[in-house]
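Shown next, in structure tokens, is the structure this report addresses.
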Amino acid sequence: MGSCKEKREESAKCVWVNGPIIVGAGPSGLAASACLSEHGVPSVILERSNCIASLWQNKTYDRLKLHLPKQFCALPLLGFPENFPKYPTKDQFLSYMESYASHFSIHPRFNQAVQTAEFDSSCGFWRVRTQDLEYISRWFIVATGENAEPVIPEIVGMERFRGPVVHTSAYKSGSDFAKQKVLVVGCGNSGMEISLDLCRHNAVPHMVVRNTVHVLPREMFGCSTFGIVTALLKWLPLSLVDKFLLLVSNLTLGNTDQLGLRRPKTGPIELKNVTGKTPVLDVGALSQIKSGKIKVMEGVKEITRNGARFMDGQEKEFDSIILATGYKSNVPSWLKGCDFFTKDGMPKTPFPDGWKGENGLYTVGFTRRGLLGTASDAVKIANDIADQWRTTRDCRTYRNSHIILLKINCRERERE
């Protein structure tokens, strides 16, 4: 039998959370916590890094700006400052995040990397383990989002390349690649913007386009393309909106197929809704492609010691390789005993109903609709939990949470 001191130490390893546990202190986690606080529901945010919005703080390039106007990127209950520009910079967005957390008195528990999370049916609570503690609650909100880990593609011969291979998560500025020949693998918004940034630092980017891609102007007729789409979808069917977008894009940008940027057969909005693949909003890269300063290349067949061999038979030498291959969810690596997510870490239930699972499980930031989708999910989650909170806040469970912890600890000792 263990001593009283041992029992006290074991109990201290468990923390009862009188409200939801939220994993992730990015925009999704902050939005969920803020919306809950508006209903008087407390929460605890567990964050693996040492800061909020760690992806934005540590894994984005210097010239990054929001691709959409600020009104479409605001979190619930508190908008961007009026003096911010239409498309806020990275530093301005981070300033907004800090102000948002301060305004709602959100204080995440940093350096708490979730190792496992699972629902314990024997007691009816979620048990979330970090390297230090076990957190226990009736509700569990997954807010780690779609971009938790970088995607590193498997390309034949990558290990042979003599130069640096960098994922965009580690890229900061084209100044690090000045006057180099750089292979950029990927042609999404990041691949396009990094290629443009490289041009501005006298590098020679060669951008690999492996698949079809929709490139749209960021603005049409002086208004944001996204804003126009949002307005048109209220009155017109999606198919007509897609046709309108392609018509205007061809008139303003020209035929991108001739530049090696083949358009998919499916329209840009329909493709986004079905697959989550976001169209590229051009901020200047297309003109550099037309001028030849950004070279468009077909898929890579293999990486050589000094460069790459391409599918069309060409072989070129490069000084560096940048992987603009995106990010992925990491939920399957730590969420156990739950079939709510696919093997790719996305909710099986499609938008707009993928925000709620069973047994008090919720997700925010997995809509593939950016910060607008995050805001929508956060409001729904807070409303749903608040309804339950009002009916159970005075129940015996909350008054005697220490008894619950004691029972759980006892069961653990019995298993050992």
Between (1) 0.99; (2) 1.11; (3) 1.18, the structure-derived Cα Rg over 2.2 N^0.38 Å is (2)
So how do 35-46, 180-191, 268-279 stack up, highest first, on mean other-Cβ count within 10 Å? 180-191, 35-46, 268-279
What is the distance, in nm, between label points placed 7 Å from the Cα along the Cα-to-Cβ direction at D353 and at R200? 4.5 nm
Just the number, please: carbon plus sulfur as a percent of the accessible area of the range 130-270, 1.4 Å probe, no ligands or DNA/RNA counted. 54 percent
Keeping all protein chains in place, calculate the accessible area per residue for the range 265-350 (probe 1.4 angstrom), answer in Å². 51 Å²
Per-residue [θ]222 nm for the chain (sum of -39500 (n - 2.57) over DSSP H runs n ≥ 4, rounded to 500): -9500 deg cm²/dmol
Name the long-range amide H neighbours of V296: under 5 Å, sequence gap of 5 or more, or other chain; modelled H, no Pro or chain starts. M207
Karplus ³J(HN,Hα) for the range 218-232 (6.51 cos²θ - 1.76 cosθ + 1.60, θ = phi - 60°; Hz, whole; x = Gly/Pro) runs 5, 10, 10, 6, x, 10, 5, 4, 5, x, 5, 4, 4, 5, 5
Report ³J(HN,Hα) in whole Hz for each residue of the range 139-144, in order, from the Karplus equation J = 6.51 cos²θ - 1.76 cosθ + 1.60 where θ = phi - 60°; Gly and Pro get x. 10, 9, 10, 8, 10, 7
Tell me the relative contact order for the chain as a rounded percent, counting alpha carbon contacts under 8 Å between residues six or more apart. 22 percent
Between the helical axis of 238-253 and the dominant principal axis of the chain, each derived from Cα atoms, what acute angle in degrees is found, rounded to the nearest 10? 40 degrees
Degrees, to the nearest 10: 90-103 long Cα axis against longest axis of the chain: 20 degrees
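The values are calculated or read from the model by the stated rules, or taken from the named source; none is laboratory data. Computed from a predicted structure; not experimentally measured. For neighbour counting, all protein chains shown are included, and Cβ atoms are generated from backbone atoms with ideal geometry for every residue, glycine included. All accessible areas refer to the heavy atoms of the entire protein, side chains included, with ligands and DNA or RNA removed. Shrake-Rupley method; radii C 1.70, N 1.55, O 1.52, S 1.80 Å.
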